[in-house]
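What follows is a set of notes on a single structure, which appears directly below.
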Amino acid sequence: EGRRHKEEECGSVKFALKYPMLVSVRLEGQNGRVRELSSVIDFNAPYCMVLFQDGIDLGYPEAANKPVNWARIHPDRVPWLTTMRGIERGILVTLSKVSLGSLVAENVDAVVLELAYPHFHTFEMILGRTFLKNFKLTVDMKNGKNGYLSLLPSGKRLPGPPASSHPGIERTNA
């Protein structure tokens, strides 16, 4: 209880490790457009990924294009990705802000993908490394099979006893 309160005070967000790791995320696009989406956390995904309709709703008209057509005009904004469908391209947009609870990242790259049947998914976007790289990510499996993942703003530490008095030795909770 006490440690959880300290984590919340310093802006840490903690999740039980389960599959899928679904969270609610607030996205801000162009011209102040906002969407709240159900997201799955995937630290193997190089980018955050949104569906084309959400990209359009967030103020990115280029999301309506087919990647192959957009690549002719802006080849640097259509990265190649490996997905469950194979190797494909998506349209790169930069989200103004992505918020997960108290954690906020600005200017987050996201790839817009088109899915034939998006209503078959239990989530609306993938929260990938372009968001996660802004935070310190910790995975703790110490408590047996029900471990947890926590995200902490970069450069911050969880409150705790002072570090070791020996120079060059950092205190850890083993």
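Checking the structure you have, find out if any residue of the range 116-137 is among the basic types (Lys, Arg), assigned to a loop (DSSP other than H, G, I, E, B) and either closer than 16 Å to Leu22 by Cα or open to solvent by 70 Å² or more (accessible area, probe 1.4 Å) (or both). Taking every residue of the range 116-137 in turn, at least one turns out to be among the basic types (Lys, Arg), assigned to a loop (DSSP other than H, G, I, E, B) and either closer than 16 Å to Leu22 by Cα or open to solvent by 70 Å² or more (accessible area, probe 1.4 Å) (or both). The residue that is most open to solvent (accessible area, probe 1.4 Å), among those in the range 43-69 that are within 18 Å of Ile87 (Cβ to Cβ) and either assigned to a strand (DSSP E or B) or aliphatic (A, V, I, L, M) (or both), is Val68.
The values are calculated or read from the model by the stated rules, or taken from the named source; none is laboratory data. Quick caveat, the model's predicted, so the values are computed rather than measured. Every residue, glycine among them, receives a Cβ derived from its backbone with ideal geometry; neighbour counts consider all protein chains shown. Note: accessible area is taken over every heavy atom of the protein model, side chains too, but ligands, DNA and RNA are not part of it. Shrake-Rupley method; radii C 1.70, N 1.55, O 1.52, S 1.80 Å.
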